[in-house]
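First up is the structure itself, then whatever we jot down about it.
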Amino acid sequence: MANRFGVKLQSRPPNLAGIYPFSAPITSTNSVQCCSKAQNSRIVGKRRAIRCRNIHRRLILGIGVSLWSQFMSMAGNVGAKSFVASARQKGAIEQVLKNVEWPEQFPFKDEDFQRFDESSDTLFYEMPRFVTHIDDQAIAALTKYYSEVLPSSNTPGVAVLDMCSSWVSHYPAGFKQEKIVGMGMNEEELKRNPVLTEYVVQDLNNNPKLPFGDNTFDVITNVVSVDYLTKPLDVFKEMSRVLKPGGLAIMSFSNRCFWTKAISIWTSTGDADHVMIVGSYFHYAGGFEPPQAMDISPNPGRSDPIYIVYSRKIATA
C-alpha cells in the first residue's frame, strides 16, 4: 500500500513561552540532541552533548499539528503509530520513503523554517569549532557508508562537493579526487580540512545560489547540517543544477543539532519525521529520482543514530 506522506506525528504539548524548558535561557553554542528521550548529559571529546526532552520551542508553525498529522498517516502495519515509535523497529527508516503519495504542493510554510535564534549565521559561526558533532561510532558508520558509495579515489574527472563542510568531511582515509570542494561558514575550519582541493565560504541561508556551473559535480554530501537550511528548496534546486546527470546527493543527519539554529519543523519532530522532511526536499525541488532512506546507526540506543536520505539527479537522454 502507498505511503501517504509518512505516518502520524507524535503529539507534543506546545511551549507557549517559546523558550528552552530550563529555568534560565541558554546561550551555549554546544550541539544538543533534538527531540529524543531524556538521558543524562555526557562529555564527548571537546563537545558537551546534552540529551534532553522537548527541545522544540513551538508547535510546528504554519502547517500545525493537525495538518501535518493528516499527511503523516500511513497505511499498513505501522498504522497510527508515531514516527518516533516506528523508527525503533528494524528496517522502519528504510520504509519511510517507499511509495509516498506526495501532496501536490510543498506542505510547509515559511514559518516552519524559522529558528529560535534568527541572528546572523555568519556571526554564530564566526569562531571556528574544531569538534565533531556526532560520536565516534556514528562517524565510523558514516565513513564506512561513504567507502561503499563514493567513487574510488583518483577516478578521472570526478568532482565532489561537500556542502556545509568544516575541518573534517568523514570521507574514507586516503580519499582523493581531482576536485573536492568544501562549502562552509568558517574559513579557518575549511583551511584545516585535508581532503579539500578548494573551498568556498558562503551562507546558504543568505544566498542559496551555488557558485558553480551546471553539471559540475558527481557527488554532493552534507553531514548533519540539512536541519539548518532555511531555504531548502532553493538549495536542493541548486544541487540538482550543479550535479551531473546521474549524480548522487547524500544527506546524512542524526538527532543532534545547535537547536537554536535548527529550523522549527525539525526541532518539533522526531528522527523518522526528519527522513520524510528531507525526502520532501528532493521531491519538490524537482530533477531528482525518488529519494531513498537508510538507517546506518551503529549501535541503536547506545551511540548517536545516523540516517541517510539520498537521491540521484535524473539522467537525461
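The values are calculated or read from the model by the stated rules, or taken from the named source; none is laboratory data. What you see is a predicted model, and the numbers here were worked out from it, not measured in a lab. Ideal geometry is used to build each Cβ from the backbone, glycine not excepted, and the neighbour counts take in all protein chains shown. With ligands, DNA and RNA removed, areas are computed over all heavy atoms of the protein, side chains included. Shrake-Rupley method; radii C 1.70, N 1.55, O 1.52, S 1.80 Å.
Checking each residue in region 178-193 for being touching a residue at least 40 places away in the same chain (Cβ under 8 Å) and open to solvent by 80 Å² or more (accessible area, probe 1.4 Å) picks out Glu188, Arg192.
Out of all the residues in region 194-211, which are hydrophobic (A, V, I, L, M, F, W, C), under 22 Å from Pro232 (Cβ atoms) and buried (at least 19 other Cβ atoms within 10 Å of the Cβ)? Once the filter is applied, which keeps residues that are hydrophobic (A, V, I, L, M, F, W, C), under 22 Å from Pro232 (Cβ atoms) and buried (at least 19 other Cβ atoms within 10 Å of the Cβ), region 194-211 yields Leu204, Leu210. Scanning region 109-152 for residues that are among the small types (Gly, Ala, Ser), modelled with pLDDT of 95 or more and either open to solvent by 50 Å² or more (accessible area, probe 1.4 Å) or touching a Leu at 6+ places or on another chain (Cβ under 9 Å) (or both) turns up Ala140, Ser147, Ser152. Could you go through region 298-312 and let me know if any residue there is under 15 Å from the mean Cα position of the chain (by Cα), crowded, with 23+ Cβ neighbours inside 10 Å and free of Cβ contacts under 8 Å to residues at least 60 places away in the same chain. Among the residues of region 298-312, not one is under 15 Å from the mean Cα position of the chain (by Cα), crowded, with 23+ Cβ neighbours inside 10 Å and free of Cβ contacts under 8 Å to residues at least 60 places away in the same chain, which makes the answer no. Contact map, region 194-222: first residue free of Cβ contacts under 8 Å to residues at least 24 places away in the same chain, second residue hydrophobic (A, V, I, L, M, F, W, C) and open to solvent by 40 Å² or more (accessible area, probe 1.4 Å), Cβ cut-off under 8 Å, separation 6 or more or different chains; pairs are Val201/Met185; Gln202/Met185. May I ask you to verify whether Asp214 is surrounded by fewer than 19 Cβ atoms within 10 Å (Cβ to Cβ), of a type in the set (Asp, Glu) and within 25 Å of Tyr284 (Cβ to Cβ)? So Asp214 fits the description; yes. Would a scan of region 223-234 turn up a residue that is among the basic types (Lys, Arg), part of a loop (DSSP other than H, G, I, E, B) and over 19 Å from Ser166 (Cα atoms)? Yes, that holds for at least one residue. Cβ separations smaller than 9 Å between residues 6+ apart or across chains give the following pairs from region 110-136 residues that are closer than 21 Å to Asn222 by Cα to residues that are open to solvent by 40 Å² or more (accessible area, probe 1.4 Å) and in a helix (DSSP H, G or I): Met127/Glu188; Pro128/Glu187; Pro128/Glu188; Pro128/Arg192; Phe130/Glu188; Phe130/Arg192. The residues of region 235-266 that are under 12 Å from the mean Cα position of the chain (by Cα), polar (S, T, N, Q) and not in a loop (DSSP other than H, G, I, E, B) amount to a single one, Ser252. Residue pairs whose Cβ atoms lie under 7 Å apart, separated by 6 or more positions or on different chains, with the first residue in region 265-282 and touching a residue at least 12 places away in the same chain (Cβ under 8 Å) and open to solvent by 10 Å² or more (accessible area, probe 1.4 Å) and the second assigned to a helix (DSSP H, G or I) and not hydroxyl-bearing (Ser, Thr, Tyr), are Asp271/Val84.
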